[in-house]
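Here the structure is laid out as structure tokens; the discussion comes afterwards.
Every read-out reported here was derived from the displayed coordinates using simple, explicitly stated rules and does not represent laboratory data. Since we're looking at a predicted model, the values are computed, not measured. Note that we place each Cβ from the backbone using ideal geometry, even for glycine, and neighbour counts take in every protein chain shown.
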Amino acid sequence: MLIKLFLLFTVTPLVELALLIEIGSFMGVVPTIGLVLITGAVGALLARSQGLAVIQELNEKTSKGEMPTDQIADGLMILVGGVLLVTPGIITDLLGFLLVVPTTRRAIRDFVKSKIIADIQFSSFVAGSRSSHKYYPGSTNDPRIKDTKVKSQSANRRSKSDDIIDI
């Protein structure tokens with residue numbers, strides 16, 4: 001994990017810097033700085049408007065008593081996208097716009113959600129496949145369940161002798 005963070009915070013800025021130098025040599029210094037400033041300003045405004053829209057959707061969902069899972073994921077992606085957009089660079093701006101624009105954000109969210117669900121199902125399958133029987137935990141053919149009969153309520157009632165405490 002430490003190596004990944006090191007690469008993220010060293011290689012990414014170096015690649016961004018090299019790309020900005022190349023663009024600067026092609027377009028000139030002033031247009032390159034203008035490009036960085038414009039993408040940062042437009043990105044911040046877009047992130048703000050999208051963030052407010054997601055907050056409104058989140059409030060609507062919670063007022064209906066529904067779990068706003070998609071809105072929470074969207075809010076997180078807009079936050080990360082906004083940070084990437086105000087960070088100077090072309091690659092970070094591209095990634096930021098992908099996370100802030102609703103169409104691409106939904107596609108990314110659905111892809112990540114499907115990967116997480118697949119990982120959960122796979123890990124459940126691996127954990128449940130230790131025995132030779134194929135079963136789902138909690139199902140009626142689960143070999144760990146010994147007795148599935150329901151006791152009557154009268155059998156569950158305690159007798160008065162159960163209330164006596166030995167000291």
Practice task
Could I have the simple spin-label model distance between L5 and L52, label points 7 Å from Cα toward Cβ, reported in nm to one decimal?
Solution key: 3.6 nm
Fill in the blank from the handout: In whole Hz, the Karplus estimates of ³J(HN,Hα) for region 18-29 (6.51, -1.76, 1.60; θ = phi - 60°; x where Gly or Pro) are 4, 5, 5, 5, 5, 5, x, 6, 7, 8, x, 5
Problem - Global geometry of region 2-128, whether rounded, prolate or oblate, following the gyration tensor of its Cα atoms and the 1.5 cut on a/c - result: oblate
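Explain nothing, just the number: dipole magnitude of region 2-128 about its Cα centre with +1 on each Lys and Arg Cβ and -1 on each Asp and Glu Cβ, in debye rounded to the nearest 20.
On the way: 9 positive and 10 negative charges, 32 e Å.
The dipole magnitude comes to about 160 debye.
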Exercise for the section: Select from region 24-106 those trypsin sites (Lys or Arg not before Pro) which occupy a DSSP coil region and have at most 15 other Cβ atoms within 10 Å, ordered by residue number. Expected result: K64
Fill in the blank from the handout: Placing each pseudo-label 7 Å from Cα in the direction of the beta carbon, T103 and E66 end up separated by a distance in nanometres of 2.4 nm
Handout entry: Sorted peptide list for 95-104, 7-16, criterion being average Cβ within 10 angstrom, highest first
Key = 95-104, 7-16
